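Q: There's a structure below that I have some questions on.
The values are calculated or read from the model by the stated rules, or taken from the named source; none is laboratory data. Note that the coordinates shown come from a computational prediction; the quantities given were computed from them, not determined experimentally. Neighbour counts are summed over all protein chains in view; Cβ atoms, including those assigned to glycine, are modelled from backbone coordinates with ideal geometry. Heavy atoms of the whole protein, side chains included, go into the accessibility calculation; ligands, DNA and RNA do not. Shrake-Rupley method; radii C 1.70, N 1.55, O 1.52, S 1.80 Å.
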Amino acid sequence: HLNAYRKTDGLMQRTYCDFAGQISSASSIRYKEDIRQVEDDLLEKMLGLQVIDFRYGEQAPEYVRDEKRHFGMIAEEVAEVMPDSVMLDQEKLPTAVVYSDFIPLLLAQLQRQQKKLSALEQRIQKLEEGNKE
C-alpha cells in the first residue's frame with residue numbers, strides 16, 4: 001500500500017497499488033455502511049456533464065503540464081453534480097476530479113440502458129407476434 005501526498009494541498013490520500021501497478025480501493029461489504037442504490041436522478045445529471053478535449057495551460061500545476069492533449073471534465077461542473085468526486089484546494093475551490101468514482105456510475109448507467117433495451121426488445125417481439133395473427 002502506498003500513502004501519497006497531494007501536491008495541491010499536502011493532504012494524504014491513501015492509494016493501494018501492487019507491484020504490477022494495479023490500483024484498487026477497499027471494496028468489501030465489511031467496510032461499508034449506509035449502502036444505497038445509486039439514484040436515477042444522479043445518473044441523469046452525470047450524463048449532462050461535459051466531456052472535453054484540452055491542453056493544460058500555464059495556470060495548471062507544473063507536474064501536470066505537458067504538450068499533450070487530454071480528455072476530461074471541468075472540476076467546477078462536476079462539483080455541482082457530485083461534490084464528493086472533486087478534490088478541493090486550500091481555498092476550498094475545485095481543483096481535480098476523482099475520475100475513479102465514474103467507473104461504477106458508468107456501469108450503473110450501462111445496466112440501466114440494458115434494462116430499457118431488453119424491455120424494448122420484448123415489446124417489439126410482442127408486436128411482431130401480434131402482426132402475424
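Q: Cβ contacts < 9 Å: first residue among the acidic types (Asp, Glu), restricted to segment 50-66; second residue open to solvent by 40 Å² or more (accessible area, probe 1.4 Å), any location; separation 6+ or different chain. Result?
A: Cβ pairs passing all conditions: Asp53/Arg69; Asp53/His70; Asp53/Phe71; Glu58/Arg65; Glu62/Lys7; Asp66/Arg55; Asp66/Tyr56.
Q: Quick check: is even one residue across segment 106-120 assigned to a helix (DSSP H, G or I), among the basic types (Lys, Arg) and either in contact (Cβ under 8 Å) with a residue 24 or more places away in the chain or more than 16 Å from Glu44 (Cβ to Cβ) (or both)? Working first, answer last.
A: Step one: of segment 106-120, the residues assigned to a helix (DSSP H, G or I) are 106-120.
Retained after the next criterion (residues that are among the basic types (Lys, Arg)): 112, 115-116.
Cutting the leftovers down to either in contact (Cβ under 8 Å) with a residue 24 or more places away in the chain or more than 16 Å from Glu44 (Cβ to Cβ) (or both) gives us 112.
Within segment 106-120, one or more residues are assigned to a helix (DSSP H, G or I), among the basic types (Lys, Arg) and either in contact (Cβ under 8 Å) with a residue 24 or more places away in the chain or more than 16 Å from Glu44 (Cβ to Cβ) (or both).
Q: Name, by its number, the condition in (1) more than 18 Å from the chain's Cα centre (by Cα); (2) modelled with pLDDT of 90 or more; (3) not polar (S, T, N, Q) that does not hold for Glu39.
A: The one condition Glu39 does not meet is (1).
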